[in-house]
Structures are given as C-alpha cells and as structure tokens.
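Participant: Below: one structure in structure tokens.
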C-alpha cells in the first residue's frame with residue numbers, strides 16, 4: 001500500500017511537526033510522528049520533506065519494513081498544485097504529491113538518515129564557528145581574548161563530530177573505507 005504524507009510545523013509550537021497522511025487522497029489523518037502511521041511491511045511512504053527532528057520516526061518505519069521516500073525538489077509541489085488547481089492546504093499538497101512521478105522521490109535508508117543527522121549537527125557547529133569568527137574580527141584586541149575560548153571549544157567539538165562521522169561512515173559504508181585508504185587520508189581528521 002502507498003501512503004502519502006505532508007509534514008508541517010504545528011501552529012502552536014513552531015518547533016514541533018505534524019504529519020497529515022492518506023492512502024487514497026480522500027480520507028486524511030493526522031499524527032504527531034511517523035511511528036504513529038499504520039504503515040507496515042512492504043508499504044511505501046512518500047512524503048514532501050523529512051525534517052531532521054523526524055529521523056527517529058523514519059528509522060522506526062524502516063525497521064517495520066516500510067520503504068520511505070522524500071521529494072527531491074519541494075518546488076514541484078507548488079507547480080503541480082497550480083497545474084491541477086489544488087488548494088494551498090495539507091490535503092492539496094498531498095494530492096499534488098500523489099500526482100508527481102515516483103522517480104522524483106529519494107528512497108532513504110537508516111544509514112543515510114543517521115549520517116545525515118550527524119552531518120547536519122556538524123554544519124550547525126560550523127555555522128556557529130563562522131559567526132564567532134566574524135564577531136571576533138570586529139572586536140578590539142582586549143575583547144578578542146574573551147571570545148578565544150568559545151572559538152576553541154567549538155573547533156574541538158567540530159573535530160570530534162568529524163571523527164564521529166568518519167567512524168560511522170566507515171561502519172555503514174565499506175566503500176568509504178576503500179576511498180579513505182586509497183587516498184591515504186586515514187587519521188587526518
């Protein structure tokens with residue numbers, strides 16, 4: 001069975017996500033997490049987006065034997081919605097999803113989801129590091145001394161996260177180890 005889902009932020013709490021799903025485009029149901037969907041072994045779930053906050057729920061679905069897909073290009077929803085004159089709502093977005101060819105969706109694996117979450121954490125650290133460096137450049141010499149420990153701490157966290165990503169990639173993707181060994185860059189992180 002095919003499930004189609006639209007993931008959106010809740011109105012009350014913009015940090016939480018709500019999932020609206022359907023199998024037929026007529027009856028729509030709402031859940032707070034992917035684990036609450038009734039999809040089972042052999043079912044396929046197509047969704048518009050997969051926020052990092054929903055990674056554990058998606059991994060739970062994969063563990064139940066559900067094939068999980070997310071849309072590669074979100075702009076397609078608006079285009080299809082306009083073409084089919086669908087309302088700008090969860091049900092309209094889901095009906096648009098149902099009209100999009102399957103090759104526009106990317107199938108995810110647990111390996112991909114775990115590494116994606118770790119990489120997003122690393123990117124967040126990098127962004128914070130860059131912001132601190134920009135502030136550092138604008139300060140006087142005396143003020144710079146107060147920011148140095150914070151920058152150093154973020155750099156250590158980035159190195160540790162990079163090491164963890166490399167270890168996890170090595171466990172989950174054998175080709176990663178062949179590439180690192182072939183390039184002779186093992187241990188340089």
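Participant: Got the relative contact order for the chain handy, in percent, Cα pairs under 8 Å and 6 or more residues apart? Please report the intermediate quantities before stating the final value.
Facilitator: Working: 229 pairs, mean separation 29.3, N = 189.
Once normalised by length, the contact order is 16 percent.
Participant: I need to check one value: relative contact order of region 2-108, counting alpha carbon pairs closer than 8 Å and at least 6 residues apart, in percent.
Facilitator: Values: 183 pairs, mean separation 27.9, N = 107.
Reported as a whole number, the value is 26 percent.
Participant: Here's something else I'd like to know. Taking every DSSP beta bridge that has both residues in region 2-108, what percent is antiparallel when rounded to the nearest 5? Walk me through the intermediate numbers first.
Facilitator: Values: 12 of 20 bridges.
For region 2-108, the DSSP antiparallel bridge percentage is about 60.
Participant: Of 149, 87, 51, which is the most mobile in a GNM of the chain whose springs link Cα atoms less than 10 angstrom apart?
Facilitator: Maximum among the listed residues: 149.
Participant: Can you give me the relative contact order of region 112-183 as a percent, contacts being Cα pairs under 8 Å and 6 or more apart?
Facilitator: Working: 27 pairs, mean separation 28.6, N = 72.
After rounding, I find 40 percent.
Participant: Which angle between 0 and 90 degrees, to the nearest 10, do you get for helix 90-99 versus the longest principal axis of the chain when only C-alpha atoms count?
Facilitator: Around 80 degrees separate the two axes.
Participant: To two decimal places, what compactness ratio does region 2-108 give when its Cα radius of gyration is scaled by 2.2 N^0.38 Å? Before the final figure, lay out each step's value.
Facilitator: Working: Rg = 12.9 Å, N = 107, 2.2 N^0.38 = 13.0 Å.
Region 2-108 yields a ratio of 0.99.
Participant: Further question: Starting from the Cα of residue 186, step 7 Å along the direction of its Cβ; do the same at residue 162; then give the gap between the two resulting points in nm.
Facilitator: Rounded to a tenth, the inter-label distance reads 1.9 nm.
Participant: A further question on this structure: Consider just the alpha-carbon atoms of the chain and return their Rg together with their Dmax, both in angstrom.
Facilitator: 21.0, 65
Participant: If you average 1/r over all unlike Cα pairs in region 112-183 and invert the result, what Kirkwood radius do you get in angstrom?
Facilitator: For region 112-183, the Kirkwood estimate is 13.9 Å.
Participant: Using Cβ contacts closer than 10 Å as the measure, can you line up 124, 152 from fewest to most? All intermediate terms of the calculation are to be shown ahead of the outcome.
Facilitator: Numbers: 124 13, 152 10.
Neighbour counts put them in this order, fewest first: 152, 124.
Participant: Based solely on its DSSP helices, what 222 nm [θ] is calculated for the chain when runs of n ≥ 4 H residues each add -39,500 (n - 2.57) and the sum is averaged over all residues, nearest 500 deg cm²/dmol? The partial results should precede the final answer.
Facilitator: On the way: 6 runs with 99 residues, N = 189.
Calculated from helices alone, the mean residue ellipticity at 222 nm is -17500 deg cm²/dmol.
Participant: Taking Cα atoms, how many degrees apart are the long axis of helix 110-138 and the longest axis of the chain, rounded to 10 and kept between 0 and 90?
Facilitator: It works out to around 50 degrees.
Participant: Same structure, new question: Using only the alpha carbons of region 106-150, what is the convex hull's orientation-averaged projected area in square nanometres? Mind dumping the intermediate values first?
Facilitator: Numbers: hull surface 15.8 nm².
Its Cα hull, projected and averaged over all orientations, spans 3.9 nm².
Participant: If you take the alpha carbon radius of gyration of region 71-152 and divide it by 2.2 N^0.38 Å, what ratio comes out, to two decimals?
Facilitator: On the way: Rg = 21.7 Å, N = 82, 2.2 N^0.38 = 11.7 Å.
Dividing the Cα radius of gyration by 2.2 N^0.38 Å gives 1.85.
Participant: Give me the angle, in degrees from 0 to 90, between the Cα long axis of helix 174-183 and the longest principal axis of the Cα atoms of the chain, rounded to the nearest 10.
Facilitator: 30
Taken together, the values in this text are just the output of simple stated rules run on the coordinates, not laboratory data. Remember, it's a predicted structure, so these values are computed and weren't measured experimentally. Note that we place each Cβ from the backbone using ideal geometry, even for glycine, and neighbour counts take in every protein chain shown.
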